[in-house]
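First comes the structure, then the notes that go with it.
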Amino acid sequence: MLTEALEDTPVNSGMQTDLPVIYIGMATCGLASGARGLLDLIKKEVEKRQLNVQIVPTGCIGMCHNEPLVDVKMPGKFRVSYKNVKPMTLTQIFESHFGKNDFAKKYAICQIPVEGSDPYEGLALMSDLPFFKGQVKIVTRRCGMIDPLSIEDYIAMDGYKALKKALTTMTPEEVVEQVTKSGLRGRGGGGFPTGLKWSLTQKSPGPEKYVVCNADEGDPGAFMDRSVLEGDPHAVLEGMIIAAYAVGGARKGYIYCRAEYPLAIRHLKKAIDDAKSRNFLGDKILGTDLSFDIEIKEGAGAYVCGEETALLASIMGERGMPWPKPPFPAQKGVWGKPSVINNVETLGNIGHIILNGGDWYASYGSEKTKGTKTFALTGSIKNSGLIEVPAGTPLREIIYSIGGGMVEKKIPFKAAQLGGPSGGCIPVDGLDTPVDFENVVAAGAIMGSGGIVVMDEAACIVDTAKFFLKFTQDESCGECTPCRVGSKIMLDILTRITEGKGQEGDLDELVRLSMYVKSNSLCGLGGAAPNPVLSTIRYFREEYEAHIRDKRCPGTVCNDLIKYVVIEEDCTTCGLCEPVCPSGSVTWEKGEVAHIDLTTCIRCKACVDACKFRAII
Amino acid sequence: MAEVKYAEVTYEDIEEICEEFSNREGAVVQILQKVQEKYGYVPADALEFVGEVLEIPKSKMYGVLTFYSQFYQEPRGKFVLKVCVGTACHVRGAGLLVDKIKEELHIEPGENTEDMLFTLEPVACLGSCALAPMAMVQGTAYGKLSADKMVSLIRQFEEEAEKEQEPV
Ligand SMILES: Cc1cc2nc3c(=O)[nH]c(=O)nc-3n(C[C@H](O)[C@H](O)[C@H](O)COP(=O)(O)O)c2cc1C
Ligand code: SF4
Ligand code: SF4
Ligand code: SF4
Ligand code: FES
Ligand code: FES
């Protein structure tokens, strides 16, 4: 039965067919870029040309900024990737591959090697693109390569091999030992050693134990877990099943997934059904004594539920309020029983570690942070998307080599925000920081779960700090006063500053309050809430002072501090700005320099955009 | 046009929903999610009935309901415009989208239009930050939006609704 489940795979997946295959990115980014309409067009085109091809929807390959992505793999040839595909492009792609036996040079970005096949001439390999060069794909290895809804595809790329290895050739202790050796630390942000967590749960007494997957991914600006859940859901299941075995035979697992990820939930449901039908889940898994089932719990919109104890409370149908630790979940978790709770990415790494060994995983990364880390690269950056790099990769390499630098070439880098609402900003001087748990903390931010939001000089640092504080303030569960009230007072001060009503002493007061909130909050939400404020005061004190003393917003973001003026020398008296103003604040006469009345101006920026000569700033 | 329609809920309907769950105590959140799926919001009667079926005090039921921001106690518009105001979208101009909707539909965040066609709901992050600014309507994600594109989306939904109204 074991061999049957693994090797008797019917040939109906995109991985194993001899037919030409058309892949289309259908993860959330793909869908948001119009992949569904494109899929219909592909089907029509296939019908029109009476082609015998396989169409395979895939997950996130990481180049989300290039969506919609379509790949074509002809028999015996490498797989060619096309970016930003439009209906027009599509016809040409079909014509090239199916008419001329070539590829569409104009739209192709790269080719992906396929075993036993030949490359095309004159097209870069995917691994040679700057975006992929510095990357090492372990947990995202299958994302974008396989059909996430096909268990056959997963199996064809070594899926469930690790489970078989663990269950049939290793003891639970040996599994824990390999995970410990790998040096893997929790990818949900805390960085707690996974092997240690498992061994604590294993040693907790009692026969009834639980495995919980934290798929709440609440940090705004982060979508690493979403990409894995959508693109390779079985990897998360396999990690959980191995965990169930390692902690001494857990019978039940929960995946707590946020409701904002409907596609991820759909893919997980299908994956669970398919895994059950092949006995990777259910009773006596692969003929062993392990019986394990997984249930999905949907979140209901509370950020604090990402915190592990709050998450457990929510699973049990309660208000998602954190509880004081100890007891730790490893001792008392779901229904008061020992529970191991791990993040999606943590669990996604497990299969690879078991299959290749802990030492192999530990050979990547930096001294104290082993392996790789995924990051969601967003903001004012050219190549925004999902990347996976060895821990310790310098921030500069992530932003400039992989990320391709700023999206607006003329506006320089200002700061990178790492770690979301619990993190901080790293300025230009910190670009050489190796990105791992320890070094990022030393630089005043946290690696967190992996969101990197790049800001250019047009962004406002005070506004950003205010943004995060408003977020945590909204999401505070209200249990402790310092978190609830302290953050509110801090937010009021920041709001005042952005409105041009800042006072001397505000910064000292912010720092004082920060320390108070940090040290008197029960959970990590309050404990880290002041971080965005502290880190920005540390590196961008002048920008705060510009707001407070000069009533000026250098990034021209804070509406109340923006004063649009026409620069006389640059104004060509063309008059383009006058008609666009919705409030009639621009006066202009033929042959005269335009003038803006600031008392009526609503700061809509229309005149700035209308002026071709950049004469309004 | 359309009036605010409150749902009619019977005890039996709720019993039926609760029966789907074997471990009822832990399923309060899920049951409320099912209720909301059915009625579009959690009607006060429904909350009471769920409490009765599960034998959970009213105060506790209410506590759970109000803790989670995705439970609604009032009916909502046909099209809920979920505009992402997460970090990546914020730095790429999500605020302008929200302002445009406010201006266009005369509603504040959390409110419905009078004809019950639209609800404006700012959300934290939709996980497609690379395509910021983002919005999601009826489960469909829209990326790289601008104020103008938002307006044309709204028009599109209005047309859709009108078509449905027309007698066949
Ligand atoms: C306010 C708060 C929010 C959190 N949100 C998440 C989250 O969305 N996803 C996650 O995996 N961990 C989150 N965590 C971390 C979890 O508490 C916990 O450390 C993690 O799930 C453990 O798994 P790991 O060791 O595999 O990282 C959050 C922590 C805090 C304090
Ligand atoms: S620190 Fe804030 S979020 Fe955490 S338990 Fe206290 S009040 Fe709730
Ligand atoms: S559009 Fe620019 S150049 Fe033309 S009148 Fe206005 S400010 Fe002057
Ligand atoms: S910013 Fe807008 S309101 Fe102000 S002057 Fe320019 S166009 Fe008019
Ligand atoms: S979601 Fe499509 S490449 Fe990332
Ligand atoms: S911040 Fe808007 S989708 Fe993530």
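Quick note: the coordinates plus some simple rules give every number you see, no bench work behind them. Predicted, not measured: the structure shown is a model, and the values here were computed from it. Note that each Cβ is placed from the backbone with ideal geometry, even for glycine, and that neighbours are counted across all protein chains shown.
Observations, loosely collected:
- For the residues of A:449-457, the average number of beta carbons from a partner chain within 10 Å of their own beta carbon is 2.
- Summing +1 for each Lys or Arg and -1 for each Asp or Glu among the other residues whose beta-carbon sits under 12 angstrom from that of A:GLU457 gives -1.
- Peptides A:307-314, A:416-423 ranked from most to least packed by the mean count of surrounding Cβ atoms within 10 Å: A:416-423, A:307-314.
- Beta bridges by DSSP in region B:7-164, antiparallel share as percent, to the nearest 5: 55 percent
- For A:28-36, mean number of other protein chain Cβ atoms within 10 Å: 6
- Dividing the Cα radius of gyration of region A:372-459 by 2.2 N^0.38 Å, with N the residue count, gives 0.94.
- All other residues whose Cβ lies under 15 angstrom from that of A:CYS571 are scored, Lys and Arg at +1 and Asp and Glu at -1, for a net of -3.
- At 0.890 mPa s and 25 °C, Stokes D of the protein assembly as shown from Kirkwood alpha-carbon radius, µm² per second: 88 µm²/s
- Take each peptide in B:154-166, A:156-168, count the other Cβ atoms within 10 Å of every residue, and average; sorted highest first, the result is A:156-168, B:154-166.
- Scoring A:367-374, A:596-603, A:55-62 by mean Cβ neighbours within 10 Å over their residues and listing the highest first yields A:55-62, A:367-374, A:596-603.
- Restricting the calculation to Cα atoms, region A:462-548 yields a radius of gyration followed by a Dmax of 11.9, 36 Å.
- Under 14 Å from A:LYS133, Cα to Cα: aspartates and glutamates that are on another chain or at least 8 residues apart: A:GLU388, A:GLU397
- Evaluated at q = 0.21 Å⁻¹: base-10 log I(q)/I(0), Debye formula over Cα of region B:11-67: -0.69
- Directionally averaged projected area (convex hull, Cα atoms, region A:254-409), nm²: 12.6 nm²
- Taking only the Cα atoms of region B:79-165, the radius of gyration and Dmax are 12.1, 39 Å.
- Mean separation of Cα contacts under 8 Å, 6 or more apart, over the residue count of region A:462-548: relative contact order %: 37 percent
- Hits among aspartates and glutamates - C-alpha to C-alpha of A:LYS466 under 13 Å, sequence gap 8 or more where chains match: A:ASP474, A:ASP492, A:GLU499
- Disulfide-incompatible cysteines by the Cβ rule (no partner under 4.7 Å) in chain B: B:CYS18, B:CYS125, B:CYS129
- Region B:2-147 - convex hull of alpha carbons, volume per residue in Å³: 117 Å³
- The mean count of C-beta atoms from other chains within 10 Å of the C-beta of residues in B:130-143, rounded to a whole number, is 5.
- Nearest-ten-degree value, helix A:506-519 long axis tilted from longest Cα axis of chain A: 20 degrees
- Seen from every direction in turn and averaged, the convex hull around the alpha carbons of region A:159-361 projects onto 10.0 nm².
- Of the residues A:PRO427, A:GLN50, A:ALA445, the one whose Cα sits farthest towards the positive end of the charge dipole of chain A is A:GLN50 (charges of +1 on Lys and Arg Cβ, -1 on Asp and Glu Cβ, taken about the Cα centre).
- The protein assembly as shown: antiparallel DSSP beta bridges as a percent of all, rounded to 5: 55 percent
- Counted charge near B:VAL29, where neighbours are those whose Cβ lies closer than 9 Å (Asp, Glu -1; Lys, Arg +1): -1
- Compared with the dominant Cα axis of chain B, that is its longest principal axis, helix B:94-105 is turned about 80°.
- Inter-part distance where region A:173-204 and region A:520-595 are each reduced to a Cα centre, Å: 48 Å
- Across the cross-link table entries A:LYS137/A:LYS518; A:LYS44/A:LYS83; A:LYS48/A:LYS73; B:LYS5/B:LYS82, which are compared at the Cα atoms, the separations over 24 Å belong to A:LYS137/A:LYS518.
- Three principal axis extents describe the C-alpha atoms of region A:527-577; from largest down they are 55, 19, 17 Å.
- Antiparallel bridge percentage (DSSP; both residues within region A:159-361; nearest 5): 10 percent
- Rounded to 10°, Cα long-axis angle of helix A:461-475 versus longest principal axis of chain A: 50 degrees
- Taking every DSSP helix (H) stretch of at least 4 residues in the protein assembly as shown, weighting each as -39,500 (n - 2.57) and dividing the sum by the residue count yields a mean residue ellipticity at 222 nm of -10500 deg cm²/dmol.
- Remark: region A:384-542 is approximated by an ellipsoid whose semi-axes, taken from the C-alpha gyration tensor as √(5λ), come to 27, 18, 13 Å, largest first.
- Computed from the alpha carbon atoms alone, the convex hull of region A:563-617 holds 65 Å³ per residue.
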